[in-house]
Amino acid sequence: LILALSAQRRAAAPPDAGRAVNGARASLDAPALVLPARVDAGEEWEWLRLGLMDLIANRLRRGDLATAASESVVALLRERRGDSPVAADDLAPDHATALRIQPEVELRNGRWRVQLRARDATHDITVETRADDAMNAAREAADTLLLRLGRLPPDRHDEAPQDLAELLARTRAAMLADQLG
């Protein structure tokens, strides 16, 4: 019932209704680009590189921030540099108007630190969160970034349970990396 009422309320409201915080709006000319995360953890966490990129991009999209599809970003990066890491600044000048978001994730003493640096011609925002779980830290970082850009984060009531969310993120990461096995 709650989901039905929420869907009905969203359908009745204009696309951006209620999304601005205190009248502030980010003026973005092109969809934001979330880059693959830089991961400082063991090899078993390598999936976070693309898994968190996709999670963050989807979270920003759910917060009404136009964000390029992860498949498009991966294709762009492969075209630019093959499979080697690409920094946010390496995408300029073709994407100079796009907000480029570089996630960094680090595991230290059993805690995850996620930092997002978002830059374009008018923004240079860095947010950082810490949590016991990398995905929770990434969600909190994305929500904080949305707030800093003058947007409201999406509701959390309709999110998948943690185990399922991690399985989906790992699966999406494998698909983005063309590792279907």
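For region 98-110: of the residues being buried (at least 17 other Cβ atoms within 10 Å of the Cβ) and among the hydrophobic types (A, V, I, L, M, F, W, C), which is modelled with the lowest pLDDT?
Checked region 98-110; the qualifying residue modelled with the lowest pLDDT is Ala98.
Taking the criterion of being open to solvent by less than 60 Å² (accessible area, probe 1.4 Å), more than 18 Å from Ala66 (Cα to Cα) and out of contact with any Leu (no Cβ under 7 Å at 6 or more places or on another chain), would at least one residue in region 146-158 satisfy it?
Checked region 146-158: no residue is open to solvent by less than 60 Å² (accessible area, probe 1.4 Å), more than 18 Å from Ala66 (Cα to Cα) and out of contact with any Leu (no Cβ under 7 Å at 6 or more places or on another chain).
For (1) at pLDDT below 95; (2) touching a strand residue (DSSP E or B) at 6+ places or on another chain (Cβ under 8 Å); (3) open to solvent by less than 10 Å² (accessible area, probe 1.4 Å), each residue gets a yes or a no:
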{"residue": "Ala26", "(1), (2), (3)": "yes, yes, no"}
{"residue": "Pro31", "(1), (2), (3)": "yes, yes, no"}
{"residue": "Val34", "(1), (2), (3)": "no, yes, yes"}
{"residue": "Trp47", "(1), (2), (3)": "yes, no, no"}
{"residue": "Met53", "(1), (2), (3)": "no, yes, yes"}
{"residue": "Arg62", "(1), (2), (3)": "yes, no, no"}
{"residue": "Leu77", "(1), (2), (3)": "yes, no, no"}
{"residue": "Ser84", "(1), (2), (3)": "yes, no, no"}
{"residue": "Ala96", "(1), (2), (3)": "yes, no, no"}
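What number of residues within region 124-143 satisfy the criterion of being open to solvent by less than 10 Å² (accessible area, probe 1.4 Å), under 14 Å from Ile101 (Cα atoms) and out of contact with any helix residue (DSSP H, G or I) (no Cβ under 7 Å at 6 or more places or on another chain)?
Summing the residues that are open to solvent by less than 10 Å² (accessible area, probe 1.4 Å), under 14 Å from Ile101 (Cα atoms) and out of contact with any helix residue (DSSP H, G or I) (no Cβ under 7 Å at 6 or more places or on another chain) in region 124-143 gives 1.
The values are calculated or read from the model by the stated rules, or taken from the named source; none is laboratory data. Since the structure is predicted, the reported quantities are computational estimates derived from the model, not experimental observations. Note that we place each Cβ from the backbone using ideal geometry, even for glycine, and neighbour counts take in every protein chain shown. When the accessible area is computed, the model is the full protein with side chains, heavy atoms only, and any ligands, DNA or RNA have been set aside. Shrake-Rupley method; radii C 1.70, N 1.55, O 1.52, S 1.80 Å.
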